[in-house]
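The values are calculated or read from the model by the stated rules, or taken from the named source; none is laboratory data. Note that the structure is predicted; figures quoted are calculated from it, not measured. Note that each Cβ is placed from the backbone with ideal geometry, even for glycine, and that neighbours are counted across all protein chains shown.
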Amino acid sequence: MFHSKADILQRLLQLRHTVWTPCGKAACSRLVLGIETSCDDTGAAVMDETGSVLGESLRSQKEVHLRTGGIIPIVAQQLHRENIAGVVQEALERSGVNPSQLSAVATTVKPGLALSLGVGLEFSQRFVRQHNKPFIPIHHMEAHALTARLLQPVAFPFLVLLISGGHSLLAVARGVDDFLLLGQTLDEAPGDTLDKVARRLSLIKHPQCSTLSGGQAIELLAKDGDRTRFNFTNPMGKISDCCFSFSGLRNQVTMAIMKKEAEEGIQQGTLLSCVNDFAAATQHIVALHLVKRTHRAILFCKEKGLLPTPSPTLVLSGGVASNQYIRRALTIITETTGLRLICPPAQLCTDNGVMIAWNGVERLREGKGILPPNVDVSYEPKAPLGVDMTAEVKAAAIRIPSVKIKRTT
């Protein structure tokens, strides 16, 4: 974890409120504009190479997609188109930086929703050509993995678990652009599963959840639920790898919901009397699946000497990493195996321009992946991260001891 809550708050205040002036320290520093449009949030940030955020802007599409029952790609695309110019301009104005002072522009080009990625890439390529600035294409999951290094020193190599609405993976980060992929989602990601269960339970009709995302609603209601009321199982429990599968878990939950609706004599779309218990049981089985895969990854890394000794580190990031129950569950494993767990604050786990700018800074420092403005770049909705070692992990057939996640308030 971070050294203390006070340290985190102090660093965040520095990141959020640093103001650039012509005579200030940032005047001698290279400046990067980061742009993020991989899914449903339009974000931009200007950062200097020390990691200070000079200006930031973010437009969330959350309320729109709550009303439509989920993210509709063409709707997300239109909202990005409406917002991106204003978001970038706002970030620049708040930073006091004009485009001529930028050293580079970094933009998410993979992976994500194709229509959303296209908006950010098209805008960015026009921008860099207009202002004759270098362009740094960013892998969204690489940016999530490196965010922890923005807040405190985290030396390579380290293990990283990235969990979000669209992705989940385990990898060893050996450098800014050097990753060993140990496991990834085979179907749907944990955030997608939590959102779909929340929609099937009609949690948007719950008085406490009308303005919350599906994952947030599940986490809130789970606090007052009995996770043992429904005994969901992990369909991949006997497979000795580090890959994730959540669609089977969601199918179990859906079948249990249908059975309960029949017992209570209600139609789909009506709140069940036991939604808190469903939330608690669903959150628990998702957390347990993540914990078991992560435990195996840790043991594999130790067996193969992929992490430093002493003081190996696990970085947890991505939108679902803000779930406190999942964080606590992973703490059990890291404490058992002797790893340090680092979780960026929730506002830096979700998609934002800051993490993209920081990834750009890291690449700019090392001179990696920096393109001239006239080079054509394509977006990639599906893009692997690093060297695939999933087969080696499975072949190792590492058995893990049973794990018990105690309920805490």
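Data for the structure
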item: Flag if residue 296 is modelled with pLDDT under 95, surrounded by 20 or more Cβ atoms within 10 Å (Cβ to Cβ) and either assigned to a loop (DSSP other than H, G, I, E, B) or in the same structural domain as residue 198 (by TED's automatic domain parsing) (or both); result: no
item: Top-ranked residue in the stretch 230-259 [being touching a Phe, Trp or Tyr at 6+ places or on another chain (Cβ under 8 Å) and not in a loop (DSSP other than H, G, I, E, B); ranked as modelled with the lowest pLDDT]; result: 249
item: Hits in the stretch 84-110 - residues which are in contact with a helix residue (DSSP H, G or I) (Cβ under 6 Å, 6 or more places away or on another chain), surrounded by 20 or more Cβ atoms within 10 Å (Cβ to Cβ) and under 18 Å from residue 358 (Cα atoms); result: 104, 105, 106, 107, 108, 109
item: Helices (runs of 4 or more DSSP H) completely within the stretch 62-145 that count 1 or more residues being closer than 30 Å to residue 316 by Cβ, at pLDDT 95 or above and of a type in the set (Val, Ile, Thr); result: 73-95, 114-131
item: Residue in the stretch 299-318 that is farthest from residue 328 (Cα to Cα), counting only those that are in a loop (DSSP other than H, G, I, E, B) and of a type outside the set (S, T, N, Q); result: 305
item: Check on residue 143, assigned by TED's automatic domain parsing to the domain that holds residue 309, crowded, with 22+ Cβ neighbours inside 10 Å and either within 15 Å of the chain's Cα centre (by Cα) or closer than 25 Å to residue 246 by Cβ (or both); result: no
item: The stretch 205-219: number of residues that are within 17 Å of residue 253 (Cβ to Cβ) and assigned to a helix (DSSP H, G or I); result: 5
item: Given (1) under 22 Å from residue 108 (Cβ atoms); (2) polar (S, T, N, Q); (3) part of a loop (DSSP other than H, G, I, E, B), index of the condition residue 402 fails; result: (1)
item: Where residue 168 falls short, out of the listed (1) polar (S, T, N, Q); (2) over 17 Å from residue 390 (Cα atoms); (3) within 11 Å of the chain's Cα centre (by Cα); result: (2)
